[in-house]
Amino acid sequence: MTQQPHATQPSAGTTPTATPTPGMGPTPTEAAWAAGGVVFAGVLMLMNGILAIFQGISLLAKDDVWTRVGDYVYKINLTGWGVILLCLGALAAVTGAFILRGAAWARMTGIFLASLSMLAHFLFLPYAPVWSVIMIGLDFFIIWALAVYRPADKRA
């Protein structure tokens, strides 16, 4: 019977060195999905911003295009919605463009703006219910993709 070597115990007063544990980081496939997801989130954010700008312009220009689908607790004037969507759309479009350029600050800003967009589309449900539900789902994906993305270490 052979004797197995044992790891030496650190002596008193010394700290063991940290060794990287295999399997703790993302696999190459996971990293590729996250990188692809952040590019898709940037494109979605850019396009959502442009569509929100057009939606805000239509709300400001013609109030009679939009109808309410029943009564709702949150009542905001359509002109107010136009201003909200126009401002939120402009910020989202600029942030989406910077996400595509790889700016680190744009990811955090994108998560914040997608959260605001999700809230705004929840409140906009009585005017465009199907569109709002679709936008809430897309905002959820944007938040997820920007939150899980870990860029590769530039020093390695």
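Assorted remarks:
- Each of the peptides 47-54, 106-113 was scored by the mean count of other Cβ atoms within 10 Å over its residues; in descending order, highest first, they stand as 106-113, 47-54.
- Taking 15 Å as the cut-off, the amide N atoms of the range 40-60 that come nearer than this to a point 7 Å along the Cα-to-beta-carbon line of Leu78 belong to 55-60.
Any read-out appearing in this document is the output of simple, stated calculations on the displayed coordinates, not a laboratory observation. Being a predicted model, the structure only gives us computed values, none of them experimental. We place every Cβ from the backbone using ideal geometry, glycine too, and count neighbours over all the protein chains shown.
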